[in-house]
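Worksheet: one structure, shown below.
The values are calculated or read from the model by the stated rules, or taken from the named source; none is laboratory data. Quick caveat: nothing in here was measured; it's all calculated off a predicted structure. Positions of Cβ are backbone-derived with ideal geometry, glycine not excepted, and every protein chain shown enters the neighbour counts. Heads up: the accessible areas ignore ligands, DNA and RNA and are worked out on the full protein's heavy atoms, side chains in. Shrake-Rupley method; radii C 1.70, N 1.55, O 1.52, S 1.80 Å.
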There are 2 protein chains.
Amino acid sequence: MLLRIDPESSAALYDQIAGSVRREVAAGRLPAGERLPSARDVAEALDVNLHTVLKAYQQLRDEGLVEMRRGRGAVVSARADALAELRADAAALAARARSLGVSGETLAALVRAAAED
Amino acid sequence: MLLRIDPESSAALYDQIAGSVRREVAAGRLPAGERLPSARDVAEALDVNLHTVLKAYQQLRDEGLVEMRRGRGAVVSARADALAELRADAAALAARARSLGVSGETLAALVRAAAED
DNA sequence: TAGTTGTTATAGATGAACTATAACACTTCG
DNA sequence: CGAAGTGTTATAGTTCATCTATAACAACTA
């Protein structure tokens, strides 16, 4: 499990961490049932405060991507398998968008809008 | 053209405005060549500062979604037609994600990751 | 020329983000 | 049981992006 952050980025640290985890899950490197590294470990590894990592984890919990409990840690939910299923379709859509000159940010916004209708 | 913002939302105002415009474009209600309302008009209508609107417009310009020039205003670029083409595919993907219990935010993150690979 | 547009500059106020520390509640394991 | 590890909650302080306000400037249109 490799989590990366860019301190220079304007994006919030906890958003970067959450995004990094989503990426691992979507890639299948974090299958359902797998435990995420403890927030304290991640905080130390990334040289970041514990709360910042926990805020990222809670964001993922609110999305239903992980389940959290005291003493047990954060575990990837069964929904992760569904995500992996969608990956190929998402890649195809991204490829088509690229060939049309549409940016990733614009495409993501389009998808989000479609999902919320 | 209807732009809406939620002052209570935690999302930045300029992100909400940019997202609102993307939505209009994706829905085809803002076709290529169409002019966006002037930043000053939007600022007054939404009771927001001029700079906040301009920051949203510049974000859209950086994405290539609009073209801006002094005196002329912001015009939807030809790329908007490509966006409309992608709309059906995005809707299909969103529907599939919903049936799998995957949130819009998670799906958008997945797509963004796919687009940036 | 007059009016409208985006652009740039400066400066201040506010609040989210991030940090630091500590204690607490629950689970697992020896 | 006790110890160690987990997420949770609380408090408090610092930093910095966001948002505002005002003003002037440059390019385009009518």
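Copy-to-copy label distances for A:ALA78, where each label lies 7 Å from Cα along Cα-to-Cβ, are 5.0 nm in order of increasing length. Counting only DSSP H runs of at least 4 residues, each contributing -39500 (n - 2.57), and dividing by the residue count of chain B, the helix-based mean residue ellipticity at 222 nm comes to -19000 deg cm²/dmol.
Considering only B:GLY33, B:GLY101, B:GLY73, the mean-square fluctuation computed in a Gaussian network model of chain B, springs between alpha carbons under 10 angstrom, is largest for B:GLY101.
A simple spin-label model places the labels of A:GLU116 and B:ALA78 3.1 nm from each other, with each point 7 Å out along Cα-to-Cβ. Summing charges over all other residues whose Cβ lies under 12 Å from the Cβ of A:ARG29, with Lys and Arg as +1 and Asp and Glu as -1, gives +1. Just to confirm the filter: which trypsin sites (Lys or Arg not before Pro) across region A:30-117 are DSSP coil and have at most 15 other Cβ within 10 angstrom of their Cβ? In loop regions of region A:30-117 (DSSP not H, G, I, E or B), the sparsely surrounded trypsin sites (Lys or Arg not before Pro) are A:ARG70, A:ARG72.
Computed from Cα positions, the angle between helix A:104-115 and the longest principal axis of chain A comes to roughly 90 degrees. Over region B:13-115, all Cα pairs binned in 5 Å intervals from 0 give whole-percent P(r) values of 2, 12, 20, 22, 18, 12, 9, 4, 1, 0, listed from short to long. Here the accessible area of chain B is 46 percent carbon and sulfur, with a 1.4 angstrom probe and all protein chains present.
Judged by the ratio a/c of the largest to the smallest principal axis of the C-alpha gyration tensor, the protein assembly as shown counts as prolate, that ratio being 1.5 or greater while a/b is larger than b/c. In nanometers and ordered shortest first, the copy-to-copy spacing of the A:GLU34 label point, defined 7 Å from Cα toward Cβ, is 4.3. Taking the Cα centre of chain A as origin and assigning +1 to Lys and Arg Cβ atoms and -1 to Asp and Glu Cβ atoms, the resulting dipole is close to 280 debye. Spin-label model, B:ALA12/A:ASN49: points 7 Å from Cα along the beta carbon direction are separated by 2.1 nm. Using a ≥ b ≥ c from the Cα gyration tensor of region A:77-117 (square roots of the eigenvalues), is it rounded, prolate or oblate, where a/c under 1.5 gives rounded and otherwise the larger of a/b and b/c decides, a/b for prolate? Cα axes put region A:77-117 in the oblate bin. Summary for A:ALA92: label point 7 Å along Cα→Cβ; distances to the equivalent points in the other copies, ascending, 0.7 nm. Round to the nearest 10 and give me the degree value, 0 to 90, for the angle of helix A:50-63's Cα axis relative to the longest principal axis of chain A. Long axis of A:50-63 versus the principal axis of chain A: about 50 degrees. Comparing B:VAL102, B:VAL75, B:VAL21 in a Gaussian network model of chain B where C-alpha atoms under 10 Å apart are linked, the largest mean-square fluctuation is found at B:VAL102.
Summing charges over neighbours of A:LEU65, with a neighbour being any other residue whose Cβ is under 13 Å away from its Cβ, gives -3 when K and R count +1 and D and E count -1.
Using C-alpha pairs below 8 Å separated by at least 6 residues, the relative contact order for chain A is 23 percent.
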